1. Which condition number in (1) closer than 24 Å to Lys35 by Cα; (2) without any contact (Cβ under 8 Å) to a residue 40 or more places away in the chain; (3) surrounded by 14 or more Cβ atoms within 10 Å (Cβ to Cβ) is the one that Asp105 fails?
2. Select, from Ile119, Ile101, the only residue that is of a type in the set (A, V, I, L, M, F, W, C) and either over 20 Å from Glu43 (Cβ atoms) or modelled with pLDDT of 95 or more (or both).
3. Is region 166-189 home to any residue that is surrounded by 16 or more Cβ atoms within 10 Å (Cβ to Cβ) and touching a Cys at 6+ places or on another chain (Cβ under 6 Å)?
4. Do the conditions hold for Tyr161, that is, is it more than 18 Å from Phe49 (Cα to Cα), among the hydroxyl-bearing types (Ser, Thr, Tyr), surrounded by 15 or more Cβ atoms within 10 Å (Cβ to Cβ) and at pLDDT 95 or above?
5. All but one of (1) outside any strand (DSSP E or B); (2) under 13 Å from the mean Cα position of the chain (by Cα) hold for Phe73, so report the exception by its number.
6. Filter region 139-158 down to the residues that are assigned to a loop (DSSP other than H, G, I, E, B) and surrounded by 15 or more Cβ atoms within 10 Å (Cβ to Cβ), then identify the one that is farthest from the chain's Cα centre (by Cα).
7. For region 106-156, how many residues meet the condition of being within 13 Å of Lys93 (Cβ to Cβ) and among the charged types (D, E, K, R)?
8. From (1) part of a loop (DSSP other than H, G, I, E, B); (2) closer than 29 Å to Val64 by Cβ, pick out the condition that doesn't hold for Lys106.
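The values are calculated or read from the model by the stated rules, or taken from the named source; none is laboratory data. Owing to the predicted nature of the structure, the values given are computational and were not obtained by experimental measurement. We place every Cβ from the backbone using ideal geometry, glycine too, and count neighbours over all the protein chains shown.
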Amino acid sequence: MKKGQADIITAVLILILAISLFGIGYRYIKPMLEKRQDEAMVERVRNAFDPSNPSSLSSKIENVAKLGGEDTFTLDVNGFWELNESEDSISFKFNSKVTDIIASDKWIPLSGENCTPSIGTVGSDKISVVCAKAEKVGERYEITYKILYRELVDPITNRIYKIDLVKHEAGVLTSGGKTIKIVRGRELSSIRDSKTLISTEIKILLV
């Protein structure tokens, strides 16, 4: 065999060996990479629903309710949004290999005392309550975050404040999109149990 031919064969064998070793290594590394990606994804979703985060969905909704106008919220995670008008809630469901909450089919309160909140008090309670749950499905978790809006009573003025989440005229109740447009609608006033109920309408446009 000539030297040139031997060099070519050697180079081919080295290439085949390198590819084989890469394939073996990648099979071991891939689960670790996927786990780290999912950990980052879970953290992004948690931050998106954290009431203490000024850029969270709940913060944006409450700012629009107070100041008027409109705002846009974006979450770069593949998932499924659902608006529940009767409950005044909005939820986001996604799949992950990891979870940072206890796996259960029951809602876990992340803010507020429970996930079926009673009327709160202005000055001591937040108008929003954030809950989450992680259900095991095969080798993955189906994680859902939800924001609920409750009534707050002001004992000094005898007024009750409420945020009404409603579907935007151009929107839908469920979506697999990543952007939500938040628009302030009407402010309605009525009398209930000798108290003035002030309801601020927030229109949710799922894109």
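1. All conditions pass for Asp105, except number (3).
2. Ile119
3. no
4. yes
5. (1)
6. Per the stated criteria, the residue is Glu151.
7. 5
8. So Lys106 meets the others, but not (2).
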